[in-house]
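The values are calculated or read from the model by the stated rules, or taken from the named source; none is laboratory data. These numbers were taken from a predicted model, which means no experiment stands behind them. Positions of Cβ are generated from backbone atoms using ideal geometry, with glycine treated the same way; all protein chains shown enter the neighbour counts.
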Amino acid sequence: RRRRRRAPLLVATPHQSSTADSPTFQQTRPLLNITMLATIGYGVASFVIAFVLAALLGSDGGALSKEFPWQFRLAAACRTPVLMLIVVPLSFIRGKYTLARRRLRRYLRGPGGKAAAIRHAAHVDSISEQLRAWDRGGRKRKLRTARSNWAAMSTKLGSNKEECNQIALGHMNEILDVDEDGLTLTCEPGVTMGELTDELLPLGLMLQSHIEMESITIGGLAMGFGIETNSHKVGLFQESVLEYEFVDSHGRRHSVTKDQPELFYALPWSYGTVGFLTSLKVKLLRTQPYVRVEYLPTSSAAELTSQLQRLAALGEGQAPDFLEATLYDRDNAVIQAGYFDARPSTAAPLNRINVWYKPFYYRHVETALRSGAFQERAAPRPLPLPRLSPSTRPRPVLTRPASPPSAGVDP
């Protein structure tokens, strides 16, 4: 008996493709090119529109004298979009890169100790050898550091180092020792204020004169000039230095303390003319969890002077730890007096400083001219990551003062 076969529910047929029905890459390539060009064009057009709008909104409204060249007036009109669309984004990216690099370097090196001392000795030997080679070569050119001008705290665009014998010091950037009991720090001259803040802040410590500009190096402050908002109590930066180590033009290494006053007092403000700094030992101070800041408006130069003198002359325990003033015109100014405070009064409002969406600090200070004197507690900036090393141990998290100090000079 013949069995009938049922028709299958699904029939598999070989897939047939036709170049006429499905376009190839070669056929779609012109369309992709047009799409990419259109995207780039829209991006460029958006940038130009944003640039022009920012230039119009940020211009000085014609207040710039016509006596200036048109190139200067054009540059002045474009300064806002250049800052907004170019300088700020690039500065942000570079800042993040620098932060990641220095934290990785600190993790790989570890904190101070014998290994740091061995590395430092090798660094000093390399500098000495560079100077001895220059000496043997007849001293034909002047000596300068190999640091680029753009990396220094200077408004000078050009460089005058091309015709000089440049000594490489870029590797001199290690913290050698932090003595928490003796309140001293020993480090190489290339260490920046930002690196010192990351290292000292979790320990509840700060430099006796701690500059707020993170890219300034401690060597620049030691050989140049440094002043702070607490200088009315502790003096200039040079007065916090206990010992200098430098290499002279013959390649000889010197360690200088107050027992050698001729050299010790000749090094500050010398801008490296005596020798190349290789390390220094400075004093530290203990911080408190908060800073209580009082904002005192004044309405004349005479009042400002008398108030500053009065506050600075107060006795120990009464004088402010930090003292500065911001002038807004010929007569009006606001004094900022900061006091370390372990247990601040709950009546004082809390101001978490350095938050990106807050107004510039000088604008915040300016409100005292309208509302009168007031005070507040200053809270720390976002804390740095903890020390990434096996020797890490729990410590109380404290902060440096929030009142922005005056600028130091980095030669």
Test: residue in segment 318-331 that is more than 16 Å from Ala378 (Cα to Cα), in a loop (DSSP other than H, G, I, E, B) and of a type in the set (S, T, N, Q): yes
Matching residues in segment 269-285 - criterion: being assigned to a loop (DSSP other than H, G, I, E, B) and among the hydroxyl-bearing types (Ser, Thr, Tyr): Ser270, Tyr271, Thr273
Residue within segment 205-223 that is over 25 Å from Leu263 (Cβ atoms), hydrophobic (A, V, I, L, M, F, W, C) and over 19 Å from the mean Cα position of the chain (by Cα) present: no
Scope segment 131-173; condition outside any helix (DSSP H, G or I), out of contact with any helix residue (DSSP H, G or I) (no Cβ under 9 Å at 6 or more places or on another chain) and among the basic types (Lys, Arg); matching residues: Arg139, Lys142, Arg144, Arg147
Only listed residue being over 22 Å from Val241 (Cα atoms) and charged (D, E, K, R), chosen from Arg286, Arg330: Arg330
Unique residue being in a helix (DSSP H, G or I), modelled with pLDDT of 90 or more and in contact with a strand residue (DSSP E or B) (Cβ under 8 Å, 6 or more places away or on another chain) when the list is Leu176, Leu200: Leu200
Within segment 270-316, tally of residues that are modelled with pLDDT of 95 or more, touching a helix residue (DSSP H, G or I) at 6+ places or on another chain (Cβ under 7 Å) and surrounded by fewer than 18 Cβ atoms within 10 Å (Cβ to Cβ): 1
Flag for Thr229 being part of a helix (DSSP H, G or I), more than 15 Å from Leu280 (Cα to Cα) and not aromatic (Phe, Trp, Tyr): no
Members of segment 352-379 found to be in a loop (DSSP other than H, G, I, E, B), under 27 Å from Gly204 (Cα atoms) and either in contact (Cβ under 8 Å) with a residue 24 or more places away in the chain or not aromatic (Phe, Trp, Tyr) (or both), listed by number: Ile353, Asn354, Val355, Lys358
Any hit, segment 120-130, residues being surrounded by 15 or more Cβ atoms within 10 Å (Cβ to Cβ), modelled with pLDDT under 90 and assigned to a helix (DSSP H, G or I): no
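Listed here are the residues, each with its yes/no results for (1) touching a residue at least 12 places away in the same chain (Cβ under 8 Å); (2) farther than 29 Å from Leu205 by Cα; (3) in the same structural domain as Thr184 (by TED's automatic domain parsing).
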residue	(1), (2), (3)
Leu236	yes, no, yes
Tyr265	no, no, yes
Pro268	yes, no, yes
Gly272	yes, no, yes
Gly275	yes, yes, yes
Lys281	yes, no, yes
Thr326	yes, no, no
Asp331	yes, yes, no
Phe340	yes, no, no
